[in-house]
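The values are calculated or read from the model by the stated rules, or taken from the named source; none is laboratory data. Quick caveat, the model's predicted, so the values are computed rather than measured. For neighbour counting, all protein chains shown are included, and Cβ atoms are generated from backbone atoms with ideal geometry for every residue, glycine included.
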Amino acid sequence: MINIPANTVNGETRMRIRNYFNPISDACSSANFGETEDYKVIISGGKEIEVINAKAENPTPSSIDLSWGVSTNGNPSGFILKQSTDGINFSTLTNLTSNERFYTASSLSNNTKYWFQIIESGTINSNPKTVWNTTLESSLSNNDYVLDKEFKIFPIPFENGTIKIKSKNTIHSIKVIDLLGKVVLDKVKPNKFGNIYSIENIPRGMYILKIESDKGDFSKTIISKY
């Protein structure tokens, strides 16, 4: 019987069996008078590879950079990257090797929400893991340009979790949305001092600031250095 270590990751691996006249210390040392055989084995019921440190960065109106890592002892044979516009139906973007941990998703549509999914090749009974979903930064249309003149957002990037919005317009709501599409803060009828609205307690990271006002809606990427 062969005892499989508890931290063994599911998927394909190599098992080496060596039988020699003299004792040997490891699987790769030189020896005389014996035999070595290698077998490909598929591990199931073990530890699943976990995608870690996934990031969606540098959004433009038509692309976004995706990067990720794998858990300790993870050894996938490759990755399958998929995308979706509804979070349910995914189509394959590309197949990557096990050493590729970066991809630029391009030819995307502006003002469209995308979900990106990474699947580790070589795992057994491993459900696809949704790693990111993000809303791309909108480019300035003519209407956005007018709205941009109506709002002054400062400072960018900002520290201490606080950003200020200066506007003479009535703001109905202010939302702070992270790159996974989660609403971090939602201020309805926010208070203001003079013409300045102050939004506080924004965690460190990159966000989409969405403003709904009597002049229309406006979105802008913001960065909190906290």
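Working only within the stretch 176-203, note down all residues that are free of Cβ contacts under 8 Å to residues at least 40 places away in the same chain and under 21 Å from the mean Cα position of the chain (by Cα). Selection gives ASP178, LYS182, VAL183, VAL184, LEU185. Somewhere in the stretch 214-222, is a residue touching a Ser or Thr at 6+ places or on another chain (Cβ under 9 Å), modelled with pLDDT of 85 or more and in a loop (DSSP other than H, G, I, E, B)? No; the residues of the stretch 214-222 include none that is touching a Ser or Thr at 6+ places or on another chain (Cβ under 9 Å), modelled with pLDDT of 85 or more and in a loop (DSSP other than H, G, I, E, B).
Taking the stretch 22-101 as the region of interest, the strands (runs of 3 or more DSSP E) fully inside it that hold 3 or more residues being modelled with pLDDT under 80 and surrounded by fewer than 15 Cβ atoms within 10 Å (Cβ to Cβ) are 34-43, 51-57. Of note, PHE151 satisfies the criterion of being surrounded by 19 or more Cβ atoms within 10 Å (Cβ to Cβ) and touching a Ser or Thr at 6+ places or on another chain (Cβ under 6 Å).
Filtered by the rule that a residue be surrounded by fewer than 19 Cβ atoms within 10 Å (Cβ to Cβ) and among the aliphatic types (A, V, I, L, M), the stretch 178-221 gives LEU180, VAL183, VAL184, LEU185, VAL188, ILE196, MET206. Within the stretch 154-177, being surrounded by 15 or more Cβ atoms within 10 Å (Cβ to Cβ) and part of a strand (DSSP E or B) holds for PHE158, ILE163, LYS164, ILE165, ILE171, ILE174, LYS175, VAL176, ILE177.
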